[in-house]
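Working notes, beginning with the structure itself.
The values are calculated or read from the model by the stated rules, or taken from the named source; none is laboratory data. Bear in mind that the values here come from a model prediction, so they are computed numbers and not experimental data. Positions of Cβ are backbone-derived with ideal geometry, glycine not excepted, and every protein chain shown enters the neighbour counts. These area figures cover heavy atoms from the full protein model, side chains too; ligands, DNA and RNA do not enter into them. Shrake-Rupley method; radii C 1.70, N 1.55, O 1.52, S 1.80 Å.
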Amino acid sequence: MLAEPTTLPRCLARTVAERGPQEAFVGPDGRYRWQDLATRARGIAAALHAQGVRRGDHVGVMLGNSALWIQVFYACASLGAVTVPVNTRFKSEELRFCLKQADIGLLILADEFLGIDFVDLLRQVEPAVDTRLPGSALPMLRQVVVVGPRVPAGALGYDRFLAQGAPVQGAELDAQAAQVAPDDVLLIQYTSGTTSFPKGVMLTHANMLTNAWAAAQRMGVTAGDRYFSIRPYFHVAGTTLSILVSLVTGCCLLTLPRFDVAEALRILAAERCTLTSGNDTIFLMLMGHPDFDPARLHLRGGWAAAGPEVMQKIRDVMGVPSICNAYGQSEASPNVIMSACDDDFSLRAMGWALPHPGMQVRIIDPATSAVLPPGERGEIQAKGWSIMKGYYNMPDATARALSADGWLSTGDLGEMDGEGRLRMVGRLKDMFRVGGENVAPLEIEEILHAHPAVQMAQVVGVPDARLGEVPAAFVLLKAGRTAQPGELVAWCKARCANFKVPRYLDVVDTFEHIGMTGSSKVQKNKLRDYALRRFGLEQS
């Protein structure tokens, strides 16, 4: 059974009516009940309305994970305005592109975050913030609201911003909320660009809320759960699969402004969290930390985007029996498939899952677009209520991603079984060919993850004069463990076909200096560049 399409303001009103005095959020800016979040969001909505924000207008949010982020999101949605999350790792050129391409009219940002001066970053992009907006660089940007003491002359301090909303009548806010429709755009998500500037994915209220509801059903989330998610709110894993899963179920959401492993472990234990989520990197870092003690945890489930070896460790080492396997991307709101918490663990470990009710998935030959039979690998395509409206102001890119009859080309490699279950086995763009054989890095990474000394492994293809490309592996070891590159290569040689065995292998102390995304994923394009330098292959 599928949830009826709805809007965020209607969903919030229902959850507050049912769960008002219960704890809704625990984070860096305090503890909040559902009624507190709603009241503060209403105050922000009034302030936005006083600034002229109306249905369809675009509001940028450049804040760390916090109750304030959620309140701004709720406030924009209640006016029918579109939230545009701004990646807190953006540099000036990326910020300029995002603010301009998204036609952001009002931006709410912290004056600084994790040592990054956001005000100075914005000043580099639009100098008029020091005098009067709008300026010539970003003519659509009419107002900037700064959270923190350092407010430029052309911007508005957060307290003054809130105060200006005081005269706005509640009846006017209610009227605005009543006009919001499920098919209205709720959020524009900028995808992580690795070879070009990112694209703005337009997601509706129905897209995101139905996706959150469907994922929550698969995880078995209840109102009594305490859900710790470190997923950044500038990604849909943070908005849909964290904020909105909490909203549609009434469970309490807990977070941190950044992924501090020791602090995450402390919160999981002290707050008696029952659910958590993350990709393989996050879970491996938690289990590899000196403070890790499964006896202090109370986790029963959640979701992971991880391969079989890591899924096995999450269940057996971390002690999370009902962990679900998830696969998705921003263009699908984001969850394409998620295993059910009561599926046999062998299915969950391998990533096999049925599509959500009302969604269709298929595997095609990327060269011919022919639909492939069960058991054959090809590109994953998806169709249905979860799929984006398109990329904002990018009709050509939209036409490349979405077929005329609504199929989304994911760019991911997958396969289906005879019962309609799907599993993702890698990114098509990460695939490389060794002597004519296709190799998915994930397969080699999984073999290395099974080694007792390995905390995390990452694999890329590098040039080879005879074979075209060969695997290069980078391995981070567990604290206190040792392993020589030759030993790790021998481990692979005993467990996989010869063409998959890493030709180059390096043990590293961290991946941070190579390049990590805001969602704690290693950037493969930067890792490949690093591999070419590290192994002297630039001229190959």
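Tally Lys and Arg at +1 and Asp and Glu at -1 over the other residues with C-beta under 12 Å from the C-beta of P232: what net charge comes out?
+4
With a 1.4 Å probe and every protein chain left in place, work out the accessible area per residue of segment 281-433 in Å², rounded to a whole number.
In whole numbers, segment 281-433 has 40 Å² accessible per residue.
Treating the beta-carbon of each Lys and Arg as +1 and of each Asp and Glu as -1, no other charges, what is the dipole magnitude of the chain about its Cα centre, to the nearest 20 debye?
Details: 53 positive and 55 negative charges, 58 e Å.
In total the dipole reaches around 280 debye.
Output the Kirkwood hydrodynamic radius of segment 449-540, Cα pairs only, in Å rounded to one decimal.
Details: mean 1/r = 0.0726 Å⁻¹.
13.8 Å is the Kirkwood radius here.
L467 to D365: FRET efficiency via 1/(1 + (r/R0)^6), r the Cβ-Cβ distance, R0 22 Å, to the nearest 0.05?
About 0.35, to the nearest 0.05.
Too long at a 20 Å Cα-Cα cut-off: which of K91/K526; K493/K521; K493/K524?
K493/K521; K493/K524
Return the carbon/sulfur percentage of the accessible area of the chain, one whole number, probe 1.4 Å, all protein chains in place.
51
If R0 is 51 Å, what FRET efficiency do you get for R142 and R400 from their C-beta distance, rounded to 0.05?
Given R0 = 51 Å and the Cβ-Cβ separation, E is 0.95.
Treating only the Cβ of Lys, Arg, Asp and Glu as charged (+1, +1, -1, -1), what charge dipole size does segment 437-540 show about its Cα centre? Round to the nearest 20 debye.
80
Each label point is 7 Å from the Cα along the Cα-to-Cβ direction; what then is the distance between the points at V317 and E487, in nm?
Once both label points are built, they end up 1.6 nm from each other.
Among the trypsin sites (Lys or Arg not before Pro) in segment 406-509, which ones are in a DSSP loop with at most 11 other Cβ atoms within 10 Å of the Cβ? Mind listing them?
On the way: sites: R421, R423, R427, K429, R433, R466, K478, R481, K493, R495, K500, R503; in loops: R421, R466, K478, R481, R495, R503.
Those satisfying the criteria are R466.
Which residues make up the longest stretch of the chain that has no GluC sites (Glu not before Pro) in a DSSP loop with at most 16 other Cβ atoms within 10 Å?
Maximal segment without exposed cleavage sites: 1-270.
Find the centroid of the Cα atoms in segment 323-390 and in segment 210-268, then give the distance between the two in whole Å.
21
Quick check: convex hull over the Cα atoms of the chain, volume per residue in Å³, rounded to an integer?
151
Non-local amide H neighbours of G60 (under 5 Å, H modeled in plane, Pro and chain starts lacking H): which ones?
V84, G105, L106, L107, I108
Given labels modelled 7 Å from the Cα in the Cβ direction, how far is it in nm from T222 to Q124?
5.0
Excluding residues on the same chain fewer than 8 positions from K100, give the aspartates and glutamates whose Cα lies under 16 Å from its Cα.
Within reach: D57, E126.
Specify which residue in the list L209, F118, L106 is farthest towards the positive end of the charge dipole of segment 105-247, using unit charges on the beta carbon of Lys, Arg (+1) and Asp, Glu (-1), about the Cα centre.
L209
Note down the nm distance, to one decimal, between modelled labels 7 Å out along Cα→Cβ at A497 and at A269.
So the label points at A497 and A269 sit 4.5 nm apart.
Stretched out fully, how many nm does the piece from F345 to A175 gain, at 0.36 nm a residue minus the Cα gap?
This chain segment gains 56.4 nm when fully extended.
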